[in-house]
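Undergrad: Pasting a structure below so you can have a look.
We did not get these values from a lab; they are worked out from the coordinates using the rules stated. A quick note: this is a predicted structure, and the numbers were derived from the prediction, not measured. Neighbour counts run over all protein chains shown; Cβ positions are idealised from the backbone, glycine included.
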Amino acid sequence: MEQCNTRREFLKAAGFCAAAGTVLFTGCQTSTRKGLSAAPMTAYGSAPKDLIRVGFVGTGNMGTSHVSNLTRVDGCQIVAICDLRPEMARRAAAIVTKAGFPEPKLYTAGELDFVNMCETEDLDLVYNAAPWHWHTPICLAAMKNGKHAASEVNIALSVEDCWQLVETSEKTRRHCVMMENCCYDSMEMLTMNMIRQGL
């Protein structure tokens, strides 16, 4: 990129960037929902448990890494694994058994087998590292079946998806968390507060 050597060149470049940003922003979807929820999850806390039973969806490279990490967390047990590719599910299950845990039940019967897992397994948490377009449906299925939901980034592909996740979490009283290091940092919380105040 060329460097602006004069104020005139700088102002031209800044004007171009502002115009481009305006064009891009006008295409963004805005929310039609107004007001605060009657039951926000900000102060909600689940009862403590000695053992967290996890169902894991999506065991590709990132998912397998997370499975391995979860086997080292005290009080956590992966009891079910779901993946479209049976060989990937078996590979993840081998990590679990190698760590000394019982073999998890495998769900590999198709794209929607995560729904079956959410409906039939006694789980506390569904952890989701599937491809992006499945993150919202998997989290919704988990919460609607009484499980907390955690997802690899990004958790939603649209504003509507975000609202579905928030409203389902509030309705079911189940946590829904995007597993990202900076979700609740000061800037993110400031932005959320500004949105809620209508600023």
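Undergrad: In sequence order, what are the phi-derived ³J(HN,Hα) couplings for region 101-109 according to the Karplus relation 6.51 cos²θ - 1.76 cosθ + 1.60 with θ = phi - 60°, rounded to whole Hz, with x for glycine and proline?
TA: Coupling constants for region 101-109: 9, x, 5, x, 6, 9, 10, 9, 8 Hz.
Undergrad: How much net charge surrounds MET189 when only the other residues with a Cβ under 15 Å from the Cβ of MET189 are counted, with Lys and Arg +1 and Asp and Glu -1?
TA: On the way: positive: ARG196; negative: GLU180, ASP185, GLU188.
Summing Lys/Arg as +1 and Asp/Glu as -1 gives -2.
Undergrad: So which chymotrypsin sites (Phe, Trp or Tyr not before Pro) in region 117-199 pass both tests, a DSSP loop state and at most 13 other Cβ atoms within 10 Å of the Cβ? If you can, show how the numbers build up before the last one.
TA: Working: sites: TYR127, TRP132, TRP134, TRP163, TYR184; in loops: TYR184.
Sparse-neighbourhood loop chymotrypsin sites (Phe, Trp or Tyr not before Pro): TYR184.
Undergrad: I've got another one for you. Set the Förster radius R0 to 25 Å, insert the Cβ-Cβ distance between ALA99 and GLU180 as r into 1/(1 + (r/R0)^6), and round the FRET efficiency to 0.05.
TA: Details: r = 25 Å, r/R0 = 1.01.
That pair, ALA99 with GLU180, gives E of 0.50.
Undergrad: Once amide H atoms are placed 1.01 Å from N in the peptide plane, what residues at a sequence separation of 5 or more from ASN128, or on another chain, have their amide H within under 5 Å of its amide H?
TA: Excluding prolines and chain starts, which carry no amide H, the hits are VAL57, ALA150, SER151, GLU152.
Undergrad: Search the structure for amide H atoms under 5 Å from the amide H of CYS76, placed 1.01 Å from N in the peptide plane, and list their residues when 5 or more places away or on another chain.
TA: Here the answer is ILE52, since their amide H atoms fall under 5 Å of that of CYS76.
Undergrad: Follow-up question, since we're still on this one. Do you know the relative contact order of region 52-180, to the nearest whole percent, from alpha carbon pairs under 8 angstrom that are 6+ apart? Please list the in-between numbers first.
TA: Values: 253 pairs, mean separation 29.2, N = 129.
With pairs under 8 Å counted, the relative contact order is 23 percent.
Undergrad: For region 134-194, how big is Rg over Rh, using alpha carbon atoms and the Kirkwood form of Rh?
TA: Numbers: Rg = 11.5 Å, Rh = 11.9 Å.
On the Cα set of region 134-194, Rg over Rh gives 0.97.
Undergrad: How big is the equivalent ellipsoid of region 52-180 along its three axes, where each semi-axis is √(5λ) from the Cα gyration tensor, reported in whole Å from largest to smallest?
TA: Working: eigenvalues 102, 43, 35 Å².
Whole-Å semi-axes of the equivalent ellipsoid: 23, 15, 13.
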